[in-house]
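Trainee: My questions will all concern the structure given below.
Any read-out appearing in this document is the output of simple, stated calculations on the displayed coordinates, not a laboratory observation. A quick note: this is a predicted structure, and the numbers were derived from the prediction, not measured. Glycine also receives a Cβ, built like all others from the backbone with ideal geometry; neighbour counts cover every protein chain displayed.
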Amino acid sequence: MQRRLLLKGLLGFTTMAAAMTAMPRLAMAKWSKAFDSTTVDGALNDLYGSAALTKDDKITLKVPEIAENGAVVPVTVKTKMANVTNISIFADKNPQPLAASFTLPEGTAPNVSIRIRLGETQVVKAVVEADGKLYTTEQEVKVTIGGCGG
């Protein structure tokens, strides 16, 4: 009787341990070495294989002109371009300029929003990959209280 109880307990513990170790793997996104790059061009090359960008007015980048707190700056990127596969957001003076990168499955509306950290007044750049080409728009954000340790 005690042996059965021990075996049931061991089986339950093993099942629970296996489920707990599998869950974080399911929730984690794929890490790109572009997030470790210290320059915008380096991150672009790591992420897309090219740093050649074309300015385009079909991209709407919504960020505040003045951010009172650089620790939580809202950023929204939208576009009416067709065949968008990726949207990335860069903050050129941050220690690691790639703030976010979104891979969009086919049929997904090219519209992303996030809050990023800005260490100081700087340019925020949105990069949209559509039909294998890179398009961009940018806007300067004045930061009154730094978000990256400032």
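Trainee: State, to one decimal in nm, how far the label point of Q96 lies from the label point of T38, with both points 7 Å from Cα in the Cβ direction.
Mentor: 1.4
Trainee: Further question on the same structure: Can you work out the FRET efficiency for the pair R115 and N45, with r the C-beta to C-beta distance and R0 = 30 Å, to the nearest 0.05?
Mentor: 0.70
Trainee: For T60, what is the net charge nearby, where nearby means another residue's Cβ is under 10 Å from its Cβ and Lys, Arg count +1, Asp, Glu -1?
Mentor: Taking every other residue near T60 into account, the sum is +3.
Trainee: Could you give me the ³J(HN,Hα) list for the stretch 81-94, computed from phi with Karplus coefficients 6.51, -1.76, 1.60 and θ = phi - 60°, whole Hz, x at Gly and Pro?
Mentor: My calculation for the stretch 81-94 gives 5, 8, 6, 7, 10, 7, 10, 10, 10, 10, 10, 5, 9, 6 Hz in order.
Trainee: Sort the following peptides by mean Cβ neighbour count (other Cβ atoms within 10 Å, averaged over residues), highest first: 111-122, 80-91.
Mentor: Listed from highest to lowest mean packing, they are 80-91, 111-122.
Trainee: Further question: Find the relative contact order for the chain and round it to a whole percent, using C-alpha pairs within less than 8 Å whose residues are 6+ positions apart.
Mentor: For the chain, the relative contact order is 25 percent.
Trainee: Cα gyration tensor of the stretch 33-143, axes a ≥ b ≥ c as square roots of the eigenvalues: rounded (a/c below 1.5), prolate (a/b > b/c) or oblate?
Mentor: oblate
Trainee: Label-point separation (nm) for T108 and L5, each offset 7 Å from Cα along Cα-to-Cβ?
Mentor: So the label points at T108 and L5 sit 5.1 nm apart.
Trainee: Amide H of I116 versus every other amide H placed in the peptide plane: which residues, excluding those fewer than 5 positions away on the same chain, fall under 5 Å?
Mentor: V73, V75
Trainee: Across the stretch 64-77, in residue order, what do the Karplus-derived ³J(HN,Hα) couplings come to in whole Hz, using 6.51 cos²θ - 1.76 cosθ + 1.60 with θ = phi - 60° and x for Gly and Pro?
Mentor: x, 5, 10, 9, 5, 10, x, 6, 9, 9, x, 9, 10, 10
Trainee: While we're on this one: Mind listing the phi-derived Karplus ³J(HN,Hα) values for the stretch 123-140, rounded to whole Hz, using 6.51, -1.76 and 1.60 with θ = phi - 60°, and x for any glycine or proline?
Mentor: 8, 9, 10, 9, 10, 10, 9, 9, 6, x, 10, 9, 10, 9, 8, 8, 8, 7
Trainee: Given H placed 1.01 Å from N in the peptide plane, which residues other than close sequence neighbours of T121 have an amide H under 5 Å from its amide H?
Mentor: When sequence neighbours closer than 5 places are left aside, the close amide H contacts are V143.
Trainee: What ranking do 64-70, 42-48 get when scored by the average of other Cβ atoms within 10 Å per residue, highest first?
Mentor: Final packing ranking: 42-48, 64-70.
Trainee: Taking the highest mean first, how do the peptides 54-63, 132-141 order by number of other beta carbon atoms within 10 angstrom per residue?
Mentor: 132-141, 54-63
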